[in-house]
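K.L.:
Take this structure, written in structure tokens, and hold onto it; I'll ask about it next.
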Amino acid sequence: MMSSCWQVSFHPEENLPNGFENFLDEYFEVNACNYQDEGPDEYVGYKSGEFREKDMLSFAQKLGIKLPPYQITFLESSNWLKDYVIKFSPFTTEDFMIYGIHETKAPQTDKIPLQIYAATAFGSDHQTTRSCLQAISDLYHQGFAPCSILDIGTGSGILSLASAKLWQDSCKILAVDIDEEAVWVTRQNAENNNLSSLIQAEMSDGFINPLIKQKAPYDLILANILARPLIEMSVSISNHLKTKGYVILSGFVEDQENWVIQSFEKTGMKLIKLYKQDNWRAALMQKE
């Protein structure tokens, strides 16, 4: 597990600079927004290891972003993710109640409970995660019943967990991530939710793991990452998807949606539905 880290808290005075959320996603290992009842929201980034302020400023400059006022804090901890980051509040979607491992008991709910240890994938309550969960629910309520699912960039495994809960009578899921800890966390979350028999979590940089090809083609592919890697993997995603199979894409913002969607349309996909939460987007597409 990760030890001490640096926390950078940003305090935008009014509107966010264009591209600021992309900067947070690309520069920091974990980021979050602390919503305020009064005054502007606070945006927080966490970075372990060596941290140089000038490197952060240089990175922002390359992206053409003027950073809002910020404060740098060193957080000393044997596990900064657990101690400072993952205590997100329970939240609900159409079918699910998501709650963290810090909760002493599951909240009362008539929805499907999922207990998440977020770790490296703090985005469990991110807008893109909510949109992907909604797309998964939409497919389920339309009668879609996949037998094989691939989750690329699984993070905490939350999308795999949700899929396994809905389709536990029919599906097997391969969840992959480039981050070793994310793979460990996905396995732990699967075990905590009694889904280990349905979810196999492995390391992979994109489609490099041979297991991905062995288990192909897939009825459903989940890819909640970022715009550029989505586009770079568009052909591979299409090649590993069954005809009439679906892909759920997310991790991109409004001014990137045409760029991402068109790249998949070129591989023989059609857009079924576009999901919008704040400036973030998710797309449900089908292979023709």
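K.L.:
Can you show me the helix-derived [θ] at 222 nm for the chain, built from DSSP H runs with n ≥ 4 at -39,500 (n - 2.57) apiece and divided by the number of residues, rounded to the nearest 500. All intermediate terms of the calculation are to be shown ahead of the outcome.
P.N.:
On the way: 9 runs with 82 residues, N = 288.
The helix-only estimate for the chain comes to -8000 deg cm²/dmol at 222 nm.
K.L.:
Also, I was wondering about something else. Highest mean first, what order results for 7-14, 64-71 on Cβ atoms within 10 Å? Write out the running numbers ahead of the final one.
P.N.:
Working: 7-14: 15.0, 64-71: 13.2.
Highest-to-lowest ranking by the protection proxy: 7-14, 64-71.
K.L.:
Let me ask something additional. Pairs on different chains or at least eight residues apart, Cα atoms closer than 16 Å: how many lysine pairs in the stretch 155-288 fit?
P.N.:
Lysine pairs satisfying the spacing and distance rule in the stretch 155-288 number 14.
K.L.:
Next question, about the same structure. Shape verdict for the chain, please, from the Cα gyration tensor: rounded (a/c under 1.5), prolate (a/b greater than b/c) or oblate. It would help to have the intermediate numbers written out before the result.
P.N.:
On the way: a/c = 1.65, a/b = 1.33, b/c = 1.24.
Here the chain falls in the prolate category.
K.L.:
Here is a further query. Going by accessible area, probe 1.4 Å, with all protein chains left in place, what is the ranking of L284, L63, L274, largest first? It would help to have the intermediate numbers written out before the result.
P.N.:
Values: L284 0, L63 80, L274 45 Å².
Heavy-atom accessible area, descending, gives L63, L274, L284.
K.L.:
Moving to a separate point now. Which length gain, in nm to one decimal place, applies between I72 and I272 when the Cα-Cα distance is subtracted from 0.36 nm times their residue separation?
P.N.:
Numbers: separation 200, 0.36 × 200 = 72.00 nm, distance 4.31 nm.
My answer for the length gained is 67.7 nm.
K.L.:
At 7 Å along Cα-to-Cβ for each site, give me the label-to-label distance between Q61 and Q115 in nm.
P.N.:
Each label point lies 7 Å from its Cα, and together they span 4.9 nm.
The values are calculated or read from the model by the stated rules, or taken from the named source; none is laboratory data. Bear in mind that the values here come from a model prediction, so they are computed numbers and not experimental data. Neighbour counts are summed over all protein chains in view; Cβ atoms, including those assigned to glycine, are modelled from backbone coordinates with ideal geometry. When the accessible area is computed, the model is the full protein with side chains, heavy atoms only, and any ligands, DNA or RNA have been set aside. Shrake-Rupley method; radii C 1.70, N 1.55, O 1.52, S 1.80 Å.
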